[in-house]
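Chemist: Here it is, the structure, as structure tokens.
Just so it is clear, none of the values below were taken in a lab; they were calculated from the coordinates. The structure displayed is predicted, hence computed values, not measured ones. Every residue, glycine as well, gets a Cβ built from its backbone with ideal geometry; the counts of neighbours run over all protein chains shown.
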Number of protein chains: 2
Amino acid sequence: MFKINENYLKLPGSYLFSTIGKKVKEYALANPDKKIIRLGIGDVTLPLAPAVIDALHVAVDEMARKETFKGYAPDLGYEFLRSAIAEQDYKSRGVTIATDEIFVSDGAKSDSANIQEIFGENNKIAVCDPVYPVYVDSNVMAGRTGEYLVDSGKWTNVIYMPCTKENNFAPELPKENPDIIYLCFPNNPTGATITKDELQKWVDYANKVGAVIIYDAAYEAYISEENIPHTIYECDGSKTCAIEIRSYSKNAGFTGTRLGFTVVPKKLKCGDVMLNSLWARRHGTKFNGAPYIMQAAGAAIYSEEGKKQTKEQIAYYMNNAKVIREGLKSAGYCVSGGVNAPYIWLETPRSLTSWEFFDYLLSNANVVGTPGSGFGPNGEGYFRLTAFGTYESTLEAIERIKSL
Amino acid sequence: MFKINENYLKLPGSYLFSTIGKKVKEYALANPDKKIIRLGIGDVTLPLAPAVIDALHVAVDEMARKETFKGYAPDLGYEFLRSAIAEQDYKSRGVTIATDEIFVSDGAKSDSANIQEIFGENNKIAVCDPVYPVYVDSNVMAGRTGEYLVDSGKWTNVIYMPCTKENNFAPELPKENPDIIYLCFPNNPTGATITKDELQKWVDYANKVGAVIIYDAAYEAYISEENIPHTIYECDGSKTCAIEIRSYSKNAGFTGTRLGFTVVPKKLKCGDVMLNSLWARRHGTKFNGAPYIMQAAGAAIYSEEGKKQTKEQIAYYMNNAKVIREGLKSAGYCVSGGVNAPYIWLETPRSLTSWEFFDYLLSNANVVGTPGSGFGPNGEGYFRLTAFGTYESTLEAIERIKSL
């Protein structure tokens, strides 16, 4: 008789955004006259940039002709895209990454969920609290996290690194040494960043204790301030301890187009074994490449027009972030984030729980946000709003919240 | 100190097709004047059908306008595609599959590799021998297969079901009861099929012993004979024991476009737990949907034009299959397959091993095929050719082989 993966049964409830989706759907059905504004899920609203659209059409036409048709893509992704990444995401910042250290994928969510598969079951992970749920959930599924304690909202075998107002939402080095450390900067959900010097401390720590850092840099394009690292490879010694995950979802609106990449340096080893080889093997066995059409579209982001146009999109969203941040501040809310990240993190008023505030905001302002507690126990009492709406709806949402 | 997934180190060599790719590359570099014909990997050569191209352009234009732009896709896939699948792949064959039993993905390779994740580690798998390597390799990575025995080319904890000339390449029910049974019909690599009555025996067996069947029906569009089931759900009782994996790679040329789907019936349970819920959870946590553009292209396959055009593509490839099959027969080879499948399975001549014949064919006819031993111990002494080349190159390849 077949046996299921019992670890799945340990997962409390459904994936955060599915729950939010259901709640909003129910409210909308019961209140068809209300105009709901969604600032919850981190989904973009601007159409793809013209340079990307042009590249898509060209690639589609290539797929229509025998002479230019493309079948299976190379395992790691097309050389033209990996070269552009190596050149423009890394070399331009003084970092040398070889093209065979870059693995093109269908996005950062898949990669950040799948990367744990190349590690043994007996690794202890450390995560920020609050945190993007995928890091923890994928490790739960793999049986690495112990048991879930309903009262604390914590897993018995996970090291939590609190990110609170007190430490400016920047985690401190854990007291117990982890094996795998998940870091995300600019941070989802808090919008916080750390400086290059602070990140260097993490790299030094990881090298010292033999931990590997899974560095999620999905929001690097939103960095506006100096001295905030765009890649962990700006830090000395990072190639012996860090894997970096990148996305085109937020910097180029690819949420529904699906493209991203992961860097696994060849210097990153466990004994003689390169993690690069393990990830290459997983990529070759459990994945079959991102579509050629999407990789061609991804390369267009690196063209002069593409860069200019996606920069404008980011500026548009960051203006929304400003509207949210300043609007909420003027309404007396305590807010952070929104300067180097498209996320605004606010304290719920009147000691409401995160889900109470979610319901309150949905019912009274018809605005959807994300309850902070959905990201971990230390997210309780907080709430996330995203800057990915349209300017008009963002403005209206904030006006509605202000008039509550 | 972090620990790697030691199971990866057990995998012998690299993924079969990477090895072939390297060998061919080396030969081509050393012999730049030779025109190599590739009938090895199952990659298609015809461009995408005009109906698919049109749908791609329309979808790209939708992504260019604010009003029609699509962000994150629904977890299970767009309703429009799942409805088309339910209607045209199943209802048309008298099978009722609900749309929430269908999970759209980036292809059958990913799904067939990932599906094992929802099962516990302590399941014993049964596979045909020879077999598509992904089923075994993904289970090796998950630690389910025991140790690899170099001499026999077998894993200690896998049940092998020999498919040889003696049993007409159709597996017999195993003597030891497995928990998970992988079946693929029409078969890759042998091109063999089984009748509906024969498949019914497998369904009855699985229900009796409490096994689950992972049914890979990626090649169903190539079935030309009557009484060969197009889906396992044509069999009585299949919904309590079978998961079906389907692909658009071979029936519509989507190898480099990436789209497929998996059906997990809600009746398929372990105790109270629906496998459908587990797969939904995995889909929602470790995957972020297939691109909207690709799902729109997938739906176009179900249009009248799309059906007509993809049927013509299949006829084109099946004509190649005939050329290969009859050409090799007339040259004295012992061949099977190629009637309901795009694969031709031949016995190597003069007791050559599969890899010896690979080298012989590459060097003397400049034709690339796939060594049967790469698919399992019982593939030794066999060789796979695919019908996915152009008509002209297929014809030339066979002429070259005939004149050896």
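Chemist: Debye calculation, C-alpha points only, no solvent: report log10 I(q)/I(0) for the protein assembly as shown at q = 0.05, 0.08, 0.10 Å⁻¹, in the same order as the q values.
Modeler: Each listed q maps to, in turn, -0.26, -0.68, -1.07.
Chemist: OK, next. Would you work out the charge dipole size for the protein assembly as shown about its Cα centre, treating the Cβ of every Lys and Arg as +1 and the Cβ of every Asp and Glu as -1, and quote it to the nearest 20 debye? Please report the intermediate quantities before stating the final value.
Modeler: Details: 86 positive and 96 negative charges, 3 e Å.
The calculated dipole for the protein assembly as shown is roughly 20 debye.
Chemist: Considering amide H positions built from the backbone, and no H for Pro or chain starts, which residues 5 or more places from residue A:4, or on another chain, come under 5 Å of its amide H?
Modeler: Excluding prolines and chain starts, which carry no amide H, the hits are B:120.
Chemist: Can you give the extra length, in nm with one decimal, that the chain gains between residue B:209 and residue B:19 once fully stretched, where that is 0.36 nm per residue apart less the Cα-Cα distance?
Modeler: Numbers: separation 190, 0.36 × 190 = 68.40 nm, distance 3.80 nm.
Length gained between residue B:209 and residue B:19: 64.6 nm.
Chemist: Which cross-chain or sequence-distant (5 or more) residues have an amide H under 5 Å from the amide H of residue A:242, H modelled 1.01 Å from N in plane?
Modeler: Close amide H contacts, sequence-distant or interchain: A:213.
Chemist: Tell me, what HN-Hα J-couplings in whole Hz come from the Karplus equation 6.51 cos²θ - 1.76 cosθ + 1.60 at θ = phi - 60° for each residue of region B:325-331, using x for Gly and Pro?
Modeler: Result, rounded to whole Hz: 4, 6, x, 5, 4, 5, 8.
Chemist: Any idea what the relative contact order of chain B is, in percent, if you count C-alpha pairs under 8 Å spaced at least 6 apart? Please list the in-between numbers first.
Modeler: Details: 770 pairs, mean separation 92.1, N = 404.
The normalised contact order for chain B reaches 23 percent.
Chemist: Right, next: So, in nm, how far is label residue B:173 from label residue B:312 when the simple model puts each one 7 Å beyond its Cα toward the Cβ?
Modeler: Inter-label distance under the simple model: 4.7 nm.
Chemist: Based on the alpha-carbon gyration tensor of region A:1-90 and its eigenvalue square roots a ≥ b ≥ c, which shape applies: rounded if a/c is under 1.5, prolate if not and a/b is larger than b/c, or oblate? Intermediate values should be presented prior to the final figure.
Modeler: On the way: a/c = 2.36, a/b = 1.48, b/c = 1.59.
Oblate, because a/c is 1.5 or more while a/b does not exceed b/c.
Chemist: Ok, one more. How big is region B:51-138 on each of its three principal axes, counting only the C-alpha atoms and giving the largest first in Å?
Modeler: 50, 31, 24
Chemist: Need one number: nm distance between label points at residue A:1 and residue B:26, each 7 Å from Cα along Cα→Cβ, rounded to one decimal.
Modeler: 5.1
Chemist: Is any residue of region A:1-23 close enough, with backbone N under 13 Å, to a label point placed 7 angstrom from the Cα of residue A:156 along the Cα-Cβ axis, and if so, which?
Modeler: none
Chemist: Something else about it: Over the alpha-carbon set of region A:365-404, divide Rg by the Kirkwood Rh and report the Rg/Rh ratio to two decimals. Could the numbers behind the result be given before it?
Modeler: Numbers: Rg = 11.6 Å, Rh = 11.1 Å.
My calculation puts Rg/Rh at 1.05.
Chemist: For region B:271-404, what relative contact order do you get, as a whole percent, if you take Cα pairs closer than 8 Å and at least 6 residues apart? All intermediate terms of the calculation are to be shown ahead of the outcome.
Modeler: On the way: 159 pairs, mean separation 29.7, N = 134.
With pairs under 8 Å counted, the relative contact order is 22 percent.
Chemist: Sequence-distant or interchain residues sharing an amide H contact under 5 Å with residue B:216, placed H: which?
Modeler: B:183, B:184, B:185, B:245
Chemist: Among the listed pairs A:66/B:307; A:239/A:308; A:124/A:208; A:10/B:208; A:266/B:10, give every one whose C-alpha distance is greater than 22 Å. Please report the intermediate quantities before stating the final value.
Modeler: Details: A:66/B:307 20 Å; A:239/A:308 30 Å; A:124/A:208 16 Å; A:10/B:208 29 Å; A:266/B:10 20 Å.
With Cα atoms farther than 22 Å apart: A:239/A:308; A:10/B:208.
Chemist: Measure off 7 Å from each Cα along the Cα-to-Cβ vector at residue A:122 and residue B:267, then give the distance between these two points in nanometres to one decimal.
Modeler: Computed distance between label sites residue A:122 and residue B:267 equals 4.4 nm.
Chemist: Pick out which of B:95, B:273, B:368 has the largest mean-square fluctuation in a Gaussian network model of chain B, springs linking Cα atoms closer than 10 Å.
Modeler: B:273
Chemist: Which whole-angstrom value gives the distance between the alpha carbon centres of region A:236-315 and region B:69-140?
Modeler: 25
Chemist: Let me ask something additional. Got the residue A:400 label distances to the other copies yet, label 7 Å along Cα→Cβ, in nm, shortest first?
Modeler: 6.6
Chemist: As an exercise, use a Förster radius of 25 Å and the Cβ-Cβ distance of residue A:166 and residue A:226 to find the FRET efficiency, rounded to the nearest 0.05. All intermediate terms of the calculation are to be shown ahead of the outcome.
Modeler: On the way: r = 25 Å, r/R0 = 1.01.
So the FRET efficiency works out to roughly 0.50.
Chemist: Still on this structure, please answer the following. What does the C-alpha gyration tensor say about the overall shape of region A:53-303? Classify as rounded when a/c is under 1.5, otherwise prolate if a/b is larger than b/c, or oblate. List each step's numbers first, then the result.
Modeler: Values: a/c = 1.76, a/b = 1.59, b/c = 1.11.
Since a/c reaches 1.5 and a/b is larger than b/c, the shape of region A:53-303 is classed as prolate.
Chemist: Provide a whole-number value for the mean count of partner chain Cβ atoms within 10 Å of the Cβ atoms in peptide B:253-263.
Modeler: Working: counts 3, 3, 9, 13, 9, 12, 1, 1, 0, 0, 0.
The per-residue average across the peptide is 5.
Chemist: Under a cut-off of 20 Å between alpha-carbon atoms, report the aspartates and glutamates in cross-link reach of residue B:22, not counting same-chain residues fewer than 8 places apart.
Modeler: Excluding near neighbours in sequence, the set is A:75, A:79, A:100, A:101, B:33, B:43, B:137, B:356, B:359.
Chemist: Would you look at the GNM of chain A, springs on alpha carbons closer than 10 Å, and say which of A:66, A:124, A:175 moves the most?
Modeler: A:66
Chemist: Provide an ascending nm list, one decimal, of label-point separations from residue B:122 to the equivalent residue in each further copy; define each label point as 7 Å from Cα along Cα→Cβ.
Modeler: Here residue B:122 shows inter-copy label distances of 1.9 nm.
Chemist: Explain nothing, just the number: relative contact order of region B:248-321, from Cα pairs under 8 Å at least 6 residues apart, as a whole percent. Mind showing how you got there, number by number?
Modeler: Values: 42 pairs, mean separation 21.9, N = 74.
Reported as a whole number, the value is 30 percent.
Chemist: Using Cα springs under 10 Å in a Gaussian network model of chain A, which residue among A:93, A:38, A:65 shows the largest mean-square fluctuation?
Modeler: A:65
Chemist: Nm distances between the label at residue A:307 and the same-position labels in the remaining copies, 7 Å along Cα→Cβ, shortest first?
Modeler: Once sorted, the set of distances for residue A:307 reads 5.0 nm.
Chemist: Once you treat every alpha carbon in region B:63-105 as an equal point and sum by Debye, what is log10 I(q)/I(0) at q = 0.19, 0.26, 0.28 Å⁻¹?
Modeler: Log10 I(q)/I(0), no solvent term: -0.61, -0.85, -0.92.
Chemist: Per DSSP H run of at least 4 residues, take -39500 (n - 2.57); add these up for chain A, divide by its residues and hand me the 222 nm value, nearest 500 deg cm²/dmol. Mind showing how you got there, number by number?
Modeler: Details: 12 runs with 140 residues, N = 404.
When only DSSP H runs of four or more count, the value is -10500 deg cm²/dmol.
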